[in-house]
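Okay, structure first, notes after.
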């Protein structure tokens, strides 16, 4: 991966501040899809969890067509910056609510998500497991924060890959289930691409208690909304890392102000692992 740092002085100041404060003051927040996993495979964009479910013939026969209709309508709104943020945010809430209702009506089961987690279409970036092990060894909390419409599949995927370590917490969309294992409702407030902030953490009191003494955070994501994952709490230092899978000068120009470090390309996790191990967590 190529390294792009718009403001090296600020980046070094943040890095040194976290290092000086000590690892006991630090935790990590990371997105999942195309952040911990590769963004492309054989030259094509890798599927998200929800797209694997949509395109995998898991549910009722009409599910895929209805899900595609929702995608075709709302996805363009998500990325249309000519629209107000508040409008786009309300539309994302509407999209996820309708899709959740569709999943319930389409008889979503835990077995469907287990199949997605184990079918091999998602691949962790090289070096991710080693990096996560190092975080666990140093008892540095990792929060996997995902707006996936089927977040239940993420811990299943991590378990399948033997990296569901004890220091990992999940802030994800989870379904409650009936006695037969079918989804019947969302357990808490819907998380979508435009409301990913630590304000959501208030729904997770045990996690809040775990993090309240940690004032420094390292944030890792692949989308502009991920830059807001640390909002909602007061921090001493927030170091933001962005993975830009496909090099695009226009996208880089639009996003570079939101992140301290940009990694360009769809490579391994080695640079992030080195940053954590050698530059910050020593």
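The values are calculated or read from the model by the stated rules, or taken from the named source; none is laboratory data. Predicted model only: the values in this text are computed from it and were never measured. Here the Cβ positions follow ideal geometry from the backbone for every residue, glycine too, while neighbour counts run over all protein chains shown.
A few comments on the model shown:
- Condition check for residue 137: more than 30 Å from residue 16 (Cα to Cα) and without any contact (Cβ under 8 Å) to a residue 24 or more places away in the chain: no
- Scope region 130-147; condition surrounded by fewer than 18 Cβ atoms within 10 Å (Cβ to Cβ) and either under 17 Å from the mean Cα position of the chain (by Cα) or in a loop (DSSP other than H, G, I, E, B) (or both); matching residues: 138, 139
- Checklist (1) at pLDDT 90 or above; (2) over 13 Å from residue 28 (Cβ atoms); (3) not in a strand (DSSP E or B) applied to residue 273, failing item: (2)
- Counting only residues that are under 24 Å from residue 157 (Cα atoms), in contact (Cβ under 8 Å) with a residue 60 or more places away in the chain and surrounded by 15 or more Cβ atoms within 10 Å (Cβ to Cβ), region 35-83 holds 13 of them.
- Checklist (1) surrounded by 20 or more Cβ atoms within 10 Å (Cβ to Cβ); (2) modelled with pLDDT of 90 or more; (3) in a loop (DSSP other than H, G, I, E, B) applied to residue 163, failing item: (1)
- Candidate set: region 161-178, residues that are touching a residue at least 12 places away in the same chain (Cβ under 8 Å) and more than 29 Å from residue 23 (Cβ to Cβ); chosen: the one nearest to the chain's Cα centre (by Cα): 173
- Number of positions in region 101-123 that are surrounded by fewer than 19 Cβ atoms within 10 Å (Cβ to Cβ) and touching a residue at least 60 places away in the same chain (Cβ under 8 Å): 8
- When every residue of region 7-26 is checked against the conditions, at least one turns out to be within 18 Å of residue 276 (Cα to Cα), out of contact with any helix residue (DSSP H, G or I) (no Cβ under 6 Å at 6 or more places or on another chain) and surrounded by 19 or more Cβ atoms within 10 Å (Cβ to Cβ).
- Positions within region 108-129 being out of contact with any helix residue (DSSP H, G or I) (no Cβ under 6 Å at 6 or more places or on another chain), in a helix (DSSP H, G or I) and modelled with pLDDT under 95, in sequence order: 110, 111, 112, 115
- Strands (runs of 3 or more DSSP E) completely within region 179-270 that count 2 or more residues being at pLDDT 85 or above, more than 17 Å from the chain's Cα centre (by Cα) and closer than 24 Å to residue 152 by Cβ: 183-186
- Taking region 245-263 as the range and being touching a residue at least 60 places away in the same chain (Cβ under 8 Å) and touching a helix residue (DSSP H, G or I) at 6+ places or on another chain (Cβ under 7 Å) as the test, the residues that pass are 260, 261, 262, 263.
- Some residue of region 210-228 being touching a helix residue (DSSP H, G or I) at 6+ places or on another chain (Cβ under 9 Å), on the phi > 0 side of the Ramachandran plot and touching a residue at least 24 places away in the same chain (Cβ under 8 Å): no
- Scanning region 236-270 for residues that are more than 22 Å from residue 78 (Cα to Cα), surrounded by fewer than 17 Cβ atoms within 10 Å (Cβ to Cβ) and touching a strand residue (DSSP E or B) at 6+ places or on another chain (Cβ under 9 Å) yields a total of 2.
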